[in-house]
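Take a look at the structure below.
The values are calculated or read from the model by the stated rules, or taken from the named source; none is laboratory data. What you see is a predicted model; the values in this text were computed from it and never measured. Backbone-built Cβ (ideal geometry, glycine too); neighbour counts: all protein chains shown. Just so you know, the surface numbers come from the protein's heavy atoms only, side chains and all, with ligands and any DNA or RNA stripped out. Shrake-Rupley method; radii C 1.70, N 1.55, O 1.52, S 1.80 Å.
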Amino acid sequence: MSLNVKLVLLLLGGIAIGWFAHAPASVRAASSSASYQLQGSGPGQVLSTFNEAEDTIYVYQGVGAGYSNVYCSYKLHLGRPGQPVNRENCPVGTLH
């Protein structure tokens, strides 16, 4: 097998391992009751924050492009497991 073929196979193997091993980044701050999750990349990147005190998830869409201030798109109020999730649009121009 030629050196070029071996290098291409090695590169493809590395890409495959990286693709199957990736997971959304999830961070939980030790001194806060909020959890964060960042999904995607580029213009379609979405940031979700969970406020444990309010049982609410705040969703910020398009955080990877555009202006430096990204406002909340909508929030999800969570009830007990099995109950419906209440989706509510965030007020225009508010930061949570």
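Taken over region 8-51, residues that are over 19 Å from His77 (Cβ atoms), of a type in the set (Gly, Ala, Ser), surrounded by 10 or more Cβ atoms within 10 Å (Cβ to Cβ) and modelled with pLDDT of 65 or more amount to 5. Do we have Val5 as among the β-branched types (Val, Ile, Thr), modelled with pLDDT under 70 and open to solvent by 60 Å² or more (accessible area, probe 1.4 Å) here? It is false that Val5 is among the β-branched types (Val, Ile, Thr), modelled with pLDDT under 70 and open to solvent by 60 Å² or more (accessible area, probe 1.4 Å).
If you go through region 52-74 one residue at a time, how many are in contact (Cβ under 8 Å) with a residue 24 or more places away in the chain, in contact with a strand residue (DSSP E or B) (Cβ under 8 Å, 6 or more places away or on another chain) and open to solvent by 40 Å² or more (accessible area, probe 1.4 Å)?
Initial filter on region 52-74 (in contact (Cβ under 8 Å) with a residue 24 or more places away in the chain): 55, 58, 63-64, 69, 71-72.
When the remaining residues are screened for being in contact with a strand residue (DSSP E or B) (Cβ under 8 Å, 6 or more places away or on another chain), the result is 55, 58, 63, 71-72.
Next, from what is left, pick out any that are open to solvent by 40 Å² or more (accessible area, probe 1.4 Å): 55, 63, 71.
Selection size over region 52-74: 3.
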